[in-house]
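The values are calculated or read from the model by the stated rules, or taken from the named source; none is laboratory data. Note that this is a predicted model, so its numbers are computed, not measured. When we count neighbours, we look across all protein chains shown, and the Cβ atoms used for this are built from the backbone with ideal geometry, even at glycine.
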């Protein structure tokens, strides 16, 4: 009894799904009363079941293989029914595979040592979705159905640990996605900072001098008169006494120009 308890505890100590599956097969094969046992895990991207199997003994000649892969939506083998329904299924006899259409699965059943039945139990992930099947083949299948038996204890422990491991994998995946998003945001922030810095450094240097001059203005009317005076002085130097051309260049009437020149007598 102590050894069986240690076996159950060892299932809880496994750190990934592959190790857990191997340990589950190992503890059940220590004192086998069945002809074959395998775990088929669903691979959604490839739409198939990947089968994990361990012979009862190294020199066991009855079961030489199990199918490596089974189509998850291929109803020519019985495990697809368990995937679809999500419920435990019991076949007390498989009639040596006479009614199984899947050729590889049929050959596997025909090579079993005895006339076997099938006890198939669905496995569920952290989202309570079917993620695989445990398939046990035995001559006296009713011996394994009892919830008080060690196979049931090992299976429930196996299922509990598998849910937990899938939850950990899911959380790790979400954390990885969050880190990628944060990394992308950091890169964009750095790019924006670089752009702002480049724009700031490319501003004309005269702007700072102009800003300083504008800050020094304390009399706006006087400042406007000085600005207008400077413009008129520049145009007088350019056109001399030709006041019509001078007025045209400033887009004002000649009468307005005469008024402004009178206003600034020093320019006449």
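Sort through 138, 120 and tell me the only one that's surrounded by 19 or more Cβ atoms within 10 Å (Cβ to Cβ), in contact (Cβ under 8 Å) with a residue 60 or more places away in the chain, touching a helix residue (DSSP H, G or I) at 6+ places or on another chain (Cβ under 9 Å) and within 24 Å of residue 50 (Cα to Cα). Break it down stepwise before answering.
Working: 120 fails: in contact (Cβ under 8 Å) with a residue 60 or more places away in the chain.
Unique residue meeting the criteria: 138.
Only a single criterion out of (1) over 29 Å from residue 76 (Cα atoms); (2) at pLDDT below 85 is not satisfied by residue 63, namely (1). Might you let me know whether segment 28-42 holds any residue that is on the phi > 0 side of the Ramachandran plot, assigned by TED's automatic domain parsing to the domain that holds residue 135 and either at pLDDT below 85 or surrounded by 12 or more Cβ atoms within 10 Å (Cβ to Cβ) (or both)? No, segment 28-42 has no match at all. Among the criteria (1) assigned to a helix (DSSP H, G or I); (2) in contact (Cβ under 8 Å) with a residue 60 or more places away in the chain, the one residue 172 does not fulfil is (2).
Going through segment 23-47 one residue at a time, which ones are in contact with a strand residue (DSSP E or B) (Cβ under 6 Å, 6 or more places away or on another chain) and assigned to a loop (DSSP other than H, G, I, E, B)? Outline the logic, then answer.
Taking segment 23-47 first, the residues in contact with a strand residue (DSSP E or B) (Cβ under 6 Å, 6 or more places away or on another chain) are 28, 34-43.
Listed by number, the residues that qualify are 34, 35.
Does residue 137 count as at pLDDT 90 or above, under 37 Å from the mean Cα position of the chain (by Cα) and in the same structural domain as residue 160 (by TED's automatic domain parsing)? Before the answer, list the steps.
Details: at pLDDT 90 or above: yes; under 37 Å from the mean Cα position of the chain (by Cα): no; in the same structural domain as residue 160 (by TED's automatic domain parsing): yes.
The answer is no for residue 137.
Name every residue in segment 1-22 that is under 23 Å from residue 172 (Cα atoms), touching a helix residue (DSSP H, G or I) at 6+ places or on another chain (Cβ under 7 Å) and either without any contact (Cβ under 8 Å) to a residue 60 or more places away in the chain or part of a helix (DSSP H, G or I) (or both), in order of residue number. Selection gives 11, 12, 17, 20. Scanning segment 94-116 for residues that are surrounded by 13 or more Cβ atoms within 10 Å (Cβ to Cβ) and more than 41 Å from the chain's Cα centre (by Cα) returns 94, 96, 97, 111, 112, 113, 114, 116. Look at residue 83 and say whether it is in the same structural domain as residue 155 (by TED's automatic domain parsing), within 15 Å of residue 40 (Cα to Cα), free of Cβ contacts under 8 Å to residues at least 40 places away in the same chain and crowded, with 20+ Cβ neighbours inside 10 Å. When the stated conditions are applied, residue 83 does not pass them.
On the given criteria, is residue 152 assigned by TED's automatic domain parsing to the domain that holds residue 111, without any contact (Cβ under 8 Å) to a residue 24 or more places away in the chain, touching a helix residue (DSSP H, G or I) at 6+ places or on another chain (Cβ under 7 Å) and surrounded by 10 or more Cβ atoms within 10 Å (Cβ to Cβ)? No.
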